[in-house]
Amino acid sequence: MVAMRFRESDYDAIYKKANRANMNFTEFVTASAMNKSVNFINGLDEVLKEQKHIGRNINQLTTLCNMGKINCPDLAEVKLGFADIITKLEEIARRYG
């Protein structure tokens with residue numbers, strides 16, 4: 001273990017960058033110091049959040065189907081939601097790929 005000192009303003013700035021890169025402080029500082037690639041992917045959190053909501057909806061529909069409470073749900077909206085997510089992921093991949 002190695003202790004380091006930072007000005008509070010520098011620490012805060014590094015901490016924010018680490019969060020944006022979905023890394024903890026130590027991982028970010030180490031990657032930066034070793035000249036490793038650190039990628040900030042803007043917009044990914046929102047897309048993943050949408051995907052999670054759609055997944056929950058599918059799970060709820062599956063549960064209701066298995067309980068016999070509903071029959072043959074219309075999944076057209078789900079398909080549109082996933083199509084939208086795929087489009088957003090492709091846009092993000094083009095920006096960062």
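The values are calculated or read from the model by the stated rules, or taken from the named source; none is laboratory data. Just so we're clear, the structure is a prediction, and the values are computed from it rather than from any experiment. Positions of Cβ are backbone-derived with ideal geometry, glycine not excepted, and every protein chain shown enters the neighbour counts. The accessibility values were calculated without ligands, DNA or RNA, using every heavy atom of the protein model including side chains. Shrake-Rupley method; radii C 1.70, N 1.55, O 1.52, S 1.80 Å.
Brief remarks on what is shown
- Residues of the stretch 12-23 satisfying the condition of being open to solvent by 90 Å² or more (accessible area, probe 1.4 Å) and within 18 Å of residue 95 (Cα to Cα): 20, 22
A quick yes/no check of all residues on (1) among the hydroxyl-bearing types (Ser, Thr, Tyr); (2) touching a residue at least 24 places away in the same chain (Cβ under 8 Å); (3) under 30 Å from residue 83 (Cα atoms):
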position: 26; (1), (2), (3): yes, no, no
position: 31; (1), (2), (3): no, no, no
position: 43; (1), (2), (3): no, yes, yes
position: 50; (1), (2), (3): no, yes, yes
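- Some residue of the stretch 32-43 being modelled with pLDDT of 85 or more and part of a helix (DSSP H, G or I): yes
- Scanning the stretch 24-67 for residues that are open to solvent by less than 50 Å² (accessible area, probe 1.4 Å), aliphatic (A, V, I, L, M) and within 24 Å of residue 1 (Cβ to Cβ) returns 29, 31, 38.
- Cβ pairs under 8 Å, 6+ apart, first in the stretch 71-84 and in contact (Cβ under 8 Å) with a residue 12 or more places away in the chain, second open to solvent by 50 Å² or more (accessible area, probe 1.4 Å) and of a type in the set (D, E, K, R): 81/50; 84/50
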